[in-house]
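**Student:** Quick one: structure below, then a few questions.
The values are calculated or read from the model by the stated rules, or taken from the named source; none is laboratory data. In this text, all values refer to a predicted model and were calculated from it rather than measured experimentally. Quick reminder, even Gly has a Cβ in these numbers, built from the backbone with ideal geometry, and neighbours come from all protein chains shown.
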Amino acid sequence: MLSALLLGHAPPALAGPEQDLQALRDYFARRFPDIDVAAFADGAYALDADARAQWQAVEDFPPYELAVSEGETLFATPFANGRRYADCFANGGIAVRQNHPYFDLEAGRVKTLEMAINACRTSHGEVAYAWSSAELAALSAYMAYTSRGQVFDVQVPDDPRALAAYEDGKRQFYSKRGQLNFSCANCHVQAAGLKLRAETLSPALGQPTHFPVYRTQWGEIGTLHRRYAECYVQVRARPHPLQSEAYANLEYFQTVMSNGLVVNGPGARP
Amino acid sequence: MTFTAAARSLLLAALLLVALGAGAADRPATPWGEASAETFAAAYQAAQTARARAAELANEWRDIAPLLRDAEALARQGQYDEATALAEQALFQAERARAQAVEQAARWRSYVVQ
């Protein structure tokens, strides 16, 4: 419906995912010429030396450690039917974070790691975790932790549905929303590196790499979609449900924009 | 993009917010002291209709539903002036939420980093 509202406006030629990624990398290279592209996996800590020093001190006793440990226990605990999470994933579920989210050609939609975890549960007769549950975040944290150092490689297959999902995520990223009329790009592209109150705004390049994240203001670990919902509320937009198609597509776009960077989750943020 | 250009973009965003609010002048609010159960019902229904139109485009704003809930609660207590004011505020926001979605559908590609 939204595309039908482009009444009489001929859109510029569509750039593909690879062109978008290169354009975003070039943009941040111009903005921050002294920062290597690989460093963007550290987000705002790549841009702010003081914050980076504090973060490195926190990493000596990382606040997400407990969640990783809980996730490891959950991951290893068999289902009632004797099967395990390892049976649902390639490589036994170890070092697979970098391939999520992915476009499920059979289902015709984007699947996130959290969706895959719950699909594993339900396929083995277990009740799915709530999308906001601590258990789901802990499992995601553990799987991210086992994937540290792996390079993000999320594909957009040659399928119109996959490209439509990618474009939907891109549209959401660049569209202004809420009573405050902000887009993701306003803060994380145009204003990246600037301050929002006391915090340095993180660049879009590399943004999903450290999720799920332990946020000090949450006092616990949470998923990327939880952060999306929070951002929506902060700009006075009504958030979408966690793991909705809208947020899955947004995560899809954002992760493609971080291809080539390493997994470094779970992370710790203010 | 330079710092100055980034700051300019933020200023333009703020000005657009002001511009979105300027349309409030073209719909007179119910004068204080003149609201009734009927004026509230009309404002509430108009706001719900506008809210649904914003939701059609997946672009509801955060405060629309809470405003309508509070309006309904005030109306149940017979506080029609307060209730109508909140319903009209919800209507204002819902109309602008839909207008924002329509405008952004046409404009978002111009923001994409090239």
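**Student:** Looking only at helices (runs of 4 or more DSSP H) that fall completely inside the stretch A:1-82, which ones have 3 or more residues that are at pLDDT 95 or above and more than 21 Å from the chain's Cα centre (by Cα)?
**Tutor:** The helices (runs of 4 or more DSSP H) meeting that bar are A:17-31, A:65-76.
**Student:** Ok, one more. Within the stretch B:41-56, which residues are within 10 Å of chain A (Cβ to nearest Cβ) and among the small types (Gly, Ala, Ser)?
**Tutor:** Matches in the stretch B:41-56: B:ALA54, B:ALA55.
**Student:** Moving on to the next point. Report yes if A:GLY206 is buried (at least 21 other Cβ atoms within 10 Å of the Cβ) and more than 16 Å from A:GLY43 (Cβ to Cβ), otherwise no.
**Tutor:** Spelling it out, it is not the case that A:GLY206 is buried (at least 21 other Cβ atoms within 10 Å of the Cβ) and more than 16 Å from A:GLY43 (Cβ to Cβ).
**Student:** Pull up the stretch A:232-261, narrow it to residues that are over 10 Å from the mean Cα position of the chain (by Cα) and among the small types (Gly, Ala, Ser), then point me to the one that is farthest from A:LEU21 (Cα to Cα).
**Tutor:** A:ALA237
**Student:** Confirm whether B:THR49 is over 27 Å from A:PHE182 (Cβ atoms), modelled with pLDDT of 85 or more, part of a helix (DSSP H, G or I) and of a type in the set (Val, Ile, Thr).
**Tutor:** no
**Student:** Against the definition (touching a His at 6+ places or on another chain (Cβ under 6 Å), modelled with pLDDT of 95 or more and outside any helix (DSSP H, G or I)), how does A:LEU242 come out, yes or no?
**Tutor:** yes
**Student:** Would you mind finding the one in A:ALA138, A:ALA164 that is surrounded by 16 or more Cβ atoms within 10 Å (Cβ to Cβ) and either within 14 Å of chain B (Cβ to nearest Cβ) or assigned to a helix (DSSP H, G or I) (or both)?
**Tutor:** Residue meeting the stated conditions: A:ALA138.
**Student:** Can you go through B:ARG53, B:ARG98, B:ARG62, B:ARG76 and tell me which one is basic (Lys, Arg), free of Cβ contacts under 8 Å to residues at least 24 places away in the same chain and closer than 30 Å to A:ALA185 by Cβ?
**Tutor:** Answer to the check: B:ARG62.
**Student:** Another one. Go through the stretch B:57-89 and count every residue that is more than 12 Å from chain A (Cβ to nearest Cβ) and in a helix (DSSP H, G or I).
**Tutor:** 18
**Student:** Follow-up question, since we're still on this one. Does the stretch A:100-117 include one or more residues that are on the phi > 0 side of the Ramachandran plot, surrounded by 15 or more Cβ atoms within 10 Å (Cβ to Cβ) and of a type outside the set (Asp, Glu)?
**Tutor:** Within the stretch A:100-117, none of the residues are on the phi > 0 side of the Ramachandran plot, surrounded by 15 or more Cβ atoms within 10 Å (Cβ to Cβ) and of a type outside the set (Asp, Glu).
**Student:** Out of the stretch A:97-115, which residues are within 16 Å of A:THR223 (Cβ to Cβ), among the hydrophobic types (A, V, I, L, M, F, W, C) and not in a helix (DSSP H, G or I)?
**Tutor:** A:VAL110
**Student:** Does the stretch A:250-267 include one or more residues that are touching a strand residue (DSSP E or B) at 6+ places or on another chain (Cβ under 9 Å) and within 14 Å of chain B (Cβ to nearest Cβ)?
**Tutor:** Checked against the condition, which is being touching a strand residue (DSSP E or B) at 6+ places or on another chain (Cβ under 9 Å) and within 14 Å of chain B (Cβ to nearest Cβ), the stretch A:250-267 yields no hits at all.
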